[in-house]
1. Could you compute the net charge surrounding residue 122? Neighbours are other residues with a C-beta less than 10 Å from the C-beta of residue 122; K and R count +1, D and E count -1.
2. With the Cα gyration tensor of the stretch 108-205 giving a ≥ b ≥ c as the square roots of its eigenvalues, does the rule (a/c under 1.5 for rounded; else a/b larger than b/c for prolate; else oblate) give rounded, prolate or oblate?
3. Between 215, 165, 51, which gets the highest mean-square fluctuation from a Gaussian network model of the chain, Cα cutoff 10 Å?
4. Taking amide H positions as placed in the peptide plane 1.01 Å from N, state which residues far from residue 171 in sequence (5 or more) or on other chains have amide H under 5 Å from it.
5. Work out which helices of the chain, taken as complete DSSP H runs, extend at least 24 Å along their axis over the Cα atoms and score a mean Kyte-Doolittle of -0.5 or more, then list them.
6. Could you tell me which of 139, 230, 165 has its Cα farthest along the dipole of the stretch 135-239 towards the positive end, charges placed at Cβ (Lys, Arg +1; Asp, Glu -1), taken about the Cα centre?
7. Please give the calculated 222 nm ellipticity per residue for the chain, where each DSSP H segment of at least 4 residues contributes -39500 (n - 2.57) and the sum is spread over every residue; nearest 500 deg cm²/dmol?
8. Using a simple spin-label model with points 7 Å from Cα along the Cα→Cβ vector, what separation in nm is obtained for residue 110 and residue 192?
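Since every read-out is calculated from the coordinates, none of them should be taken as a lab result. Since the structure is predicted, the reported quantities are computational estimates derived from the model, not experimental observations. Neighbour counts are summed over all protein chains in view; Cβ atoms, including those assigned to glycine, are modelled from backbone coordinates with ideal geometry.
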Amino acid sequence: MKMTKRIVPDTITACNLLCGAVATFLATQHAFMLAFCFILLGAFFDFFDGLSARLLKAPSRIGIELDSLADVITFGLAPAMLVACYYLPILGWWSFLALVMAAFSALRLAKFNVDERQTSSFIGLATPANAIFWGGICSMPYGFTTGIATSWGLLALTFVSCWLLVSEIPFFSLKFKNFTWSDNYDKYIFLAGAFILIVFCAVKAYLAKQWGFLLFSGSGVILWYVVLNILSNILKPKK
């Protein structure tokens, strides 16, 4: 019975890995929006594998290791390949410098597994957030984010995101221990801003008949998340 219970979360984790593998393949076929949708589906499975393990009381070391391996594919390799293939027609082989993001994502996940400080918050940008940011960028039709200057700038930005992944910057999680304003004001501010960004991009997508704008809202939400965390750390009173 215990072994049967473990199959459920492990199967969900395997679905996460498969989503990352499909997204990586789709990136090579220049099906960028669909590739990002599979990354988002992988994030859905990533959320529910841990939840199911807790509900079934079936945590396992194999499950923990499998989860990290799946995340390396879905939130490391897939977004890195997405960026590399998206900018290949504009930047040529220079675009494959973006693949370094896969290595930094793996390092981020390895640090997370051994860092006991990251139980209720994160140290460094979480890999799913990084993947969503780049997936949104690459979901835009050519012409919006593919000017020569913009392309080189965004390629340089991949190295900034690599640094954020392994940085010591604290990032809040969206786990609520209670719902009081004093303990969760930063989360409420983030959620309000994220809602406004998503609505704006949804309206823009509808009016322009370009549904990439809706997926692009993911990039805006993650950028808002990063900026809010950095400002929060700067303005937070020193103890």
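1. Details: positive: 108, 117; negative: 115.
Result for the neighbourhood of residue 122: +1.
2. Numbers: a/c = 2.96, a/b = 1.31, b/c = 2.25.
It comes out oblate by the Cα gyration axes.
3. Ranking 215, 165, 51 by mean-square fluctuation puts 51 first.
4. Under 5 Å from the amide H of residue 171: 122, 123, 124.
5. Numbers: long enough: 2-28 (40 Å, 0.77); 32-55 (35 Å, 1.66); 148-166 (28 Å, 1.87); 181-208 (40 Å, 1.03); 212-235 (35 Å, 1.74).
Those that pass (Cα extent of 24 Å or more, hydropathy at least -0.5) are 2-28, 32-55, 148-166, 181-208, 212-235.
6. 230
7. On the way: 9 runs with 174 residues, N = 239.
Calculated at 222 nm, the ellipticity per residue is -25000 deg cm²/dmol.
8. 4.2 nm
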